1. Tell me which residues, restricted to region 205-215, are closer than 20 Å to CYS261 by Cβ, surrounded by 24 or more Cβ atoms within 10 Å (Cβ to Cβ) and either charged (D, E, K, R) or touching a strand residue (DSSP E or B) at 6+ places or on another chain (Cβ under 6 Å) (or both).
2. Scan region 55-112 residue by residue and report those that are within 20 Å of GLN128 (Cα to Cα), in contact with a helix residue (DSSP H, G or I) (Cβ under 6 Å, 6 or more places away or on another chain), part of a helix (DSSP H, G or I) and of a type in the set (D, E, K, R).
3. When you scan region 168-176, do you find a residue that is among the hydroxyl-bearing types (Ser, Thr, Tyr), in contact with a Ser or Thr (Cβ under 8 Å, 6 or more places away or on another chain) and within 23 Å of VAL8 (Cβ to Cβ), even just one?
4. Inspect region 225-241 for any residue being over 28 Å from THR296 (Cβ atoms), surrounded by 20 or more Cβ atoms within 10 Å (Cβ to Cβ) and among the aliphatic types (A, V, I, L, M) and give the result as yes or no.
5. Failed condition for ILE33, given (1) without any contact (Cβ under 8 Å) to a residue 40 or more places away in the chain; (2) closer than 22 Å to ALA222 by Cβ, with all others met?
6. Quick one: which of ARG262, ARG218 is part of a helix (DSSP H, G or I), without any contact (Cβ under 8 Å) to a residue 24 or more places away in the chain and either among the β-branched types (Val, Ile, Thr) or surrounded by 15 or more Cβ atoms within 10 Å (Cβ to Cβ) (or both)?
7. Is it true that some residue in region 16-36 is acidic (Asp, Glu) and under 12 Å from the mean Cα position of the chain (by Cα)?
8. Is it the case that region 186-204 has a residue that's more than 30 Å from LEU258 (Cα to Cα) and of a type in the set (D, E, K, R)?
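The values are calculated or read from the model by the stated rules, or taken from the named source; none is laboratory data. In this text, all values refer to a predicted model and were calculated from it rather than measured experimentally. Cβ coordinates were reconstructed from backbone atoms using ideal geometry, including for glycine residues, and neighbour counts include every protein chain displayed.
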Amino acid sequence: MKKLPKGVHTVLYALFDADGEPDRQAMRRQVEICIDQHGAAGIVTLGLATEVRHLTQQQRRRIVEWNAADIAGRVPLGVTIFEPTPEEQISAIAHAADHGADWAIIQPPVTASDETALATAFGTVLRQCPIPGAIQNAPQFIGVGLGVDAIRRLGDDHDNLVAVKQEVSAVETAALVDAVGERLQVFSGRGGLELIDCMHAGIEGHVPAPEYADFLIRIWNAMAAGKENEARAAYARLLPMATFVVQSLDTLTIYGKLLFCRRNGLSFHPRRGAPAPTPFGFRALTGHAHMLGIDTAGWDPIG
């Protein structure tokens with residue numbers, strides 16, 4: 001695979017059963033919704049929205065195996081690689097590749113506390129990555145990241161680095177595209193915030209969670225078709241919901257996941273130990289959903 005398909009690649013939530021274990025049937029249904037109903041260009045698993053840092057290694061690997069089986073090659077599968085050390089990341093990539101992953105998105109290992117250490121760690125992993133690799137650059141959420149020059153050097157040194165999942169402002173994203181866009185694909189994140197500006201900056205993909213990914217896909221397709229006024233009108237309508245959901249990782253994995261489950265008739269069970277939604281938060285979520293034209297009739301109240 002020389003290039004990843006342009007468009008929206010949806011990150012899966014970790015959906016749990018009442019006992020706090022990953023729910024096999026709900027995870028399969030999530031894949032079906034993202035591909036068959038929303039039309040995602042690709043699927044990404046074990047991202048920050050998947051609460052990857054709270055899953056055991058066994059759970060992470062089980063989810064990769066489930067997702068690969070359910071996707072069955074219909075769209076590319078990207079696996080985010082969270083492990084504490086480069087050596088453990090290399091092992092996780094080998095497992096993902098063996099089970100059908102098309103590309104690996106490498107998160108900063110916890111052993112890397114500054115840009116120099118992070119670039120070295122990424123290089124160590126990329127040298128032994130048997131599938132196309134990407135790096136996740138999300139300093140706001142992870143606490144450490146790379147500047148434009150460091151990313152450019154990493155791309156120059158590693159032919160198998162194909163993309164950057166860049167989760168910063170549109171202005172910073174534009175600077176990265178200008179520097180590396182001829183060599184690396186740049187994807188944006190952050191739940192669709194600044195999506196239109198990021199598309200003007202030259203991104204080739206966007207990686208959101210699935211709760212309103214269908215709206216983001218419509219915006220992407222409208223922009224790609226040259227219908228910017230239509231895209232901006234849809235973005236203006238979506239922005240209050242996106243602002244509410246993407247306040248923090250906790251907000252995303254509580255209210256974003258709750259929205260996805262409510263919209264699709266799935267049972268919502270927070271991760272064991274995670275904060276629970278509040279009645280106020282649920283009312284706010286329902287109000288934003290109503291403004292998007294989402295039918296909230298019959299949604300069970302919280303609290």
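1. Let us first name the residues in region 205-215 that are closer than 20 Å to CYS261 by Cβ, namely 208-215.
Restricting the remaining residues to those that are surrounded by 24 or more Cβ atoms within 10 Å (Cβ to Cβ) gives 208-213.
Within region 205-215, ALA209, PRO210, GLU211, ALA213 qualify.
2. ARG61
3. First pass over region 168-176, keeping only residues among the hydroxyl-bearing types (Ser, Thr, Tyr): 169, 173.
Subsequent filtering for residues that are in contact with a Ser or Thr (Cβ under 8 Å, 6 or more places away or on another chain) retains 173.
Pick out the ones that are also within 23 Å of VAL8 (Cβ to Cβ) and you get 173.
Scanning region 168-176 turns up at least one residue that is among the hydroxyl-bearing types (Ser, Thr, Tyr), in contact with a Ser or Thr (Cβ under 8 Å, 6 or more places away or on another chain) and within 23 Å of VAL8 (Cβ to Cβ).
4. No, region 225-241 contains no residue that is over 28 Å from THR296 (Cβ atoms), surrounded by 20 or more Cβ atoms within 10 Å (Cβ to Cβ) and among the aliphatic types (A, V, I, L, M).
5. Of (1) without any contact (Cβ under 8 Å) to a residue 40 or more places away in the chain; (2) closer than 22 Å to ALA222 by Cβ, only one is false for ILE33: (1).
6. Values: ARG262 fails: without any contact (Cβ under 8 Å) to a residue 24 or more places away in the chain.
Result: ARG218 is the single residue among ARG262, ARG218 that is part of a helix (DSSP H, G or I), without any contact (Cβ under 8 Å) to a residue 24 or more places away in the chain and either among the β-branched types (Val, Ile, Thr) or surrounded by 15 or more Cβ atoms within 10 Å (Cβ to Cβ) (or both).
7. Kept after step one, since they are acidic (Asp, Glu), are these residues of region 16-36: 17, 19, 21, 23, 32, 36.
Going one step further and asking which of them are under 12 Å from the mean Cα position of the chain (by Cα), we end up with none.
Within region 16-36 (the criterion being acidic (Asp, Glu) and under 12 Å from the mean Cα position of the chain (by Cα)), the answer is no, since none of the residues qualifies.
8. First pass over region 186-204, keeping only residues more than 30 Å from LEU258 (Cα to Cα): 200-202.
In the following step, the residues that additionally are of a type in the set (D, E, K, R) were identified as none.
Looking for residues that are more than 30 Å from LEU258 (Cα to Cα) and of a type in the set (D, E, K, R), one finds none in region 186-204, hence no.
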